[in-house]
């Protein structure tokens with residue numbers, strides 16, 4: 001099974017940012033796939049170190065796991081299904097991560113908006 | 001895609017893509033020289049970040065082989081962040097026929113939107129704690145499995161188990177907010193009884209490691225467990241948001257495997273067939289097929305096989321409501337329920353890619 005496109009785009013979003021992350025801890029983002037999951041994780045300690053795993057990193061401070069359809073929906077500019085999302089750990093850190101690398105983009109700017 | 005053999009650790013490391021960074025974590029090693037050699041080989045062959053990817057099976061083979069020499073090799077990207085890394089990501093997205101710029105913008109917007117989803121998990125979490133608080137020990141686990149594996153299977157037995165052994169009596173007595181004024185417990189029994197009648201007409205193949213019959217019986221027992229909580233919360237549309245975490249947490253505690261839990265979740269947490277056939281919703285066939293194919297991919301099943309399992313669940317659930325049984329089903333010469341609406345077979349064909 002190939003690496004979910006969402007995780008590649010997520011990684012690109014993290015790479016693209018040139019501002020210091022101002023986060024501390026490890027955030028893991030996963031996509032359920034092929035009866036298991038694929039995980040991207042970023043460790044923040046001034047800089048960023050990212051990695052890819054087939055298991056959730058044991059030391060993750062916060063994690064978010066999406067179903068395949070929600071990961072596909074996100075990259076296509078559609079809404080996720082809330083019941084398809086699992087979270088755990090330090091949710092405040094997770095929220096800061098999502099705020100840090102997310103962007104408030106209006107739908108017309110994304111889905112077919114080019 | 002890079003090919004990795006499972007047998008020879010050195011071969012595994014050598015074949016590890018030059019476009020991946022092999023990160024070696026210290027572990028107790030058999031031999032320092034072996035470990036040093038492995039690290040040297042891996043480092044020599046790692047230049048950039050993303051490019052060639054390994055399949056899940058290949059990653060497992062790689063991990064197993066590297067463990068054999070006392071180290072763990074992981075795919076890693078971003079250790080050295082460069083413009084080339086970003087370019088590799090966008091190139092990979094483009095290679096999948098995605099507009100990388102758009103995909104990136106959508107992903108950022110999605111990350112932002114996920115903040116709202118995470119914030120709402122609070123209400124669900126409080127209810128989840130209430131429904132999954134019962135302590136589970138080996139004896140309780142064994143009693144459940146005796147119920148689930150009993151032949152002939154008694155629909156009332158699992159509902160009674162949830163009511164009396166898992167503290168779910170109040171939930172099972174609640175009204176589900178549907179047209180028919182049944183309790184959750186009664187509806188659940190009716191669904192399992194319908195399932196027992198229809199089971200023989202569906203050739204459902206289980207993925208490896210899945211204990212199919214007990215899993216299906218348990219899945220049906222909990223398939224609406226969060227519905228009363230959603231009604232109480234004031235939004236019946238949130239039924240899946242309440243049901244899924246309870247199904248997942250209780251199943252973990254009661255000894256189901258990750259794979260079984262993932263499969264139960266995928267089947268219960270979608271309305272693709274119902275929304276396609278519903279006279280008011282009238283969901284687009286391609287959209288519904290896309291969701292079901294994504295779910296099949298998630299659980300590692302062929303799309304057509306997943307559809308068969310999904311349709312067994314749909315028939316068992318929908319036909320338990322009398323008004324639906326009379327309106328959307330007919331009975332064929334075998335005695336099996338079949339759907340009158342031709343969109344059902346059209347959906348099957350699109351999911352299976354026929």
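The values are calculated or read from the model by the stated rules, or taken from the named source; none is laboratory data. The structure displayed is predicted, hence computed values, not measured ones. Using ideal geometry, Cβ is built from the backbone for each residue, glycine included, and neighbour counts are taken over all protein chains shown.
If a residue must be modelled with pLDDT of 85 or more and either out of contact with any helix residue (DSSP H, G or I) (no Cβ under 7 Å at 6 or more places or on another chain) or assigned to a helix (DSSP H, G or I) (or both), how many such residues does region B:95-126 contain?
Result for region B:95-126: 22.
In the set B:340, B:290, B:297, B:252, which member is in contact with a strand residue (DSSP E or B) (Cβ under 7 Å, 6 or more places away or on another chain) and within 14 Å of chain A (Cβ to nearest Cβ)?
Answer to the check: B:297.
Okay, residues lined up against (1) in a helix (DSSP H, G or I); (2) over 21 Å from residue B:261 (Cα atoms); (3) touching a helix residue (DSSP H, G or I) at 6+ places or on another chain (Cβ under 6 Å):
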residue: B:128; (1), (2), (3): yes, no, yes
residue: B:159; (1), (2), (3): yes, no, yes
residue: B:166; (1), (2), (3): no, no, no
residue: B:187; (1), (2), (3): yes, yes, no
residue: B:191; (1), (2), (3): yes, no, yes
residue: B:194; (1), (2), (3): yes, yes, yes
residue: B:207; (1), (2), (3): no, no, no
residue: B:216; (1), (2), (3): yes, no, no
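Being surrounded by fewer than 14 Cβ atoms within 10 Å (Cβ to Cβ) and either closer than 30 Å to residue A:62 by Cβ or in contact (Cβ under 8 Å) with a residue 60 or more places away in the chain (or both) is the filter here, so list the residues in region B:121-140 that pass it.
Selection gives B:122, B:125, B:126, B:129, B:130, B:133, B:134, B:135.
Would a scan of region A:32-49 turn up a residue that is buried (at least 24 other Cβ atoms within 10 Å of the Cβ), within 7 Å of chain B (Cβ to nearest Cβ) and touching a residue at least 40 places away in the same chain (Cβ under 8 Å)?
no
How many residues does region A:40-72 hold that are out of contact with any helix residue (DSSP H, G or I) (no Cβ under 8 Å at 6 or more places or on another chain) and closer than 13 Å to residue A:10 by Cα?
Selection size over region A:40-72: 2.
In this structure, is residue B:316 under 23 Å from residue B:189 (Cβ atoms), crowded, with 22+ Cβ neighbours inside 10 Å and at pLDDT below 95?
Judged against the criteria, residue B:316 is not a match.
Among the residues of region A:87-97, are any at pLDDT below 90, surrounded by fewer than 19 Cβ atoms within 10 Å (Cβ to Cβ) and assigned to a helix (DSSP H, G or I)?
So far as region A:87-97 goes, no, none of its residues is at pLDDT below 90, surrounded by fewer than 19 Cβ atoms within 10 Å (Cβ to Cβ) and assigned to a helix (DSSP H, G or I).
Out of all the residues in region B:91-111, is one or more over 24 Å from the mean Cα position of the chain (by Cα) and touching a residue at least 60 places away in the same chain (Cβ under 8 Å)?
Checked against the condition, which is being over 24 Å from the mean Cα position of the chain (by Cα) and touching a residue at least 60 places away in the same chain (Cβ under 8 Å), region B:91-111 yields no hits at all.
Condition first: part of a loop (DSSP other than H, G, I, E, B) and in contact with a helix residue (DSSP H, G or I) (Cβ under 6 Å, 6 or more places away or on another chain). Now tell me which residues in region A:1-20 satisfy that.
Listed by number, the residues that qualify are A:1, A:4.
May I ask you to list the residues in region A:64-78 that are assigned to a strand (DSSP E or B) and surrounded by fewer than 21 Cβ atoms within 10 Å (Cβ to Cβ)? I'd like the intermediate steps shown before the answer.
Keep residues of region A:64-78 that are assigned to a strand (DSSP E or B), which gives A:64-66.
The answer is A:65, and nothing else.
Answer yes or no as to whether residue B:329 is away from chain A (no Cβ under 14 Å), over 24 Å from the mean Cα position of the chain (by Cα) and surrounded by fewer than 16 Cβ atoms within 10 Å (Cβ to Cβ).
no
Quick test of your reading of the structure: residue B:233 fulfils all but one of (1) in the same structural domain as residue B:146 (by TED's automatic domain parsing); (2) touching a helix residue (DSSP H, G or I) at 6+ places or on another chain (Cβ under 8 Å); (3) modelled with pLDDT of 85 or more. Name the failing condition by number.
(3)
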